[in-house]
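Accompanying notes for the structure given below.
The values are calculated or read from the model by the stated rules, or taken from the named source; none is laboratory data. Every value quoted in this text rests on a predicted model; they were computed, and no experiment measured them. Here the Cβ positions follow ideal geometry from the backbone for every residue, glycine too, while neighbour counts run over all protein chains shown.
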Amino acid sequence: MIGNNPDMTDETARQHKEEVTARINARLAACRIKAAKASKDAGFSAGLIRDLERKGATPKLETLAQLAPVLRTTPEWLAFGRGVEDIDNAPGREISPGIFALDGDTIPPDYTRVPVQGTLQAGVWREEDDWTGEEARFALFPARRRYAPGALYAAEIRGSSMNKVFPAGTLVILQHRLDREKDLIPGQRYHVERSKPDGTREHTLKTVYREPRDGSIWLVPESTDPAHQDWIQIRTSQDLWINYVGMVVGAILLDNA
């Protein structure tokens, strides 16, 4: 077992590292740039790329993300050899700046693969969108602590009501929860679901606040937008159920966010 990835043996880690460094060298040749200059242009010391070749560890995803623009490619291609290799010769195609994995990809050590379930509205209540019918995507999240398999999911933020912390386009990483109001942690940010008897389910992302005087629960925006300043008091009834289905444990700020 390597890092927090039980599927990566010493041999697969070595093979993956060699594949990544081979792709880096291929882009160096294509761009006609020396390794030392590419390393420095990416903000590292001049010897970074050659050190990556000599050391046994697979380059970190953050390192590949910084190298990719200098090598005129995408982090995804450097990490997995998938997607767009040459961003200067991909007319009309939107380049995703995030690093995502698909089923079958070798995941680097100390990262966990988190399924991206869709979009999450950080403004008004809205039915959640998903990528039904598209190829499943997984965000790569640094595994600073261990989570049980299936404990995490990800969603892309839409709207501006949380833009002080999560600009639109941010990928938030959430831990599955089903908290009762008494279990809520004030100050934490939750994926909140509102369901109705007709089966409609609406979702939002907000910071939870508990009023000390009466214990009432409020959903608080964190926004620079004047249209999203009002707090929302939670009131349940026979016709309206509120569920706190996920708590934010991390976020990936994409380049286009």
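Overview of results
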read-out: Residues that are closer than 19 Å to Lys34 by Cα and among the aliphatic types (A, V, I, L, M), drawn from the stretch 60-84; value: Leu64, Ala65, Leu67, Ala68, Val70, Leu71, Leu78
read-out: Residues (touching a Leu at 6+ places or on another chain (Cβ under 8 Å) and part of a loop (DSSP other than H, G, I, E, B)) located in the stretch 189-243; value: Lys196, Trp231, Ile234
read-out: Residues satisfying the stated conditions in the stretch 8-39, i.e. buried (at least 16 other Cβ atoms within 10 Å of the Cβ) and basic (Lys, Arg); value: Lys17, Arg23, Arg27
read-out: Residues satisfying the stated conditions in the stretch 34-51, i.e. under 29 Å from the mean Cα position of the chain (by Cα) and either of a type in the set (Asp, Glu) or farther than 20 Å from Glu19 by Cα (or both); value: Lys40, Asp41, Ala42, Gly43, Phe44, Ser45, Asp51
read-out: Matching residues in the stretch 22-58 - criterion: being modelled with pLDDT of 90 or more and hydroxyl-bearing (Ser, Thr, Tyr); value: Ser39, Ser45
read-out: Of all residues making up the stretch 168-201, the number that are of a type in the set (Gly, Ala, Ser) and surrounded by fewer than 14 Cβ atoms within 10 Å (Cβ to Cβ); value: 2
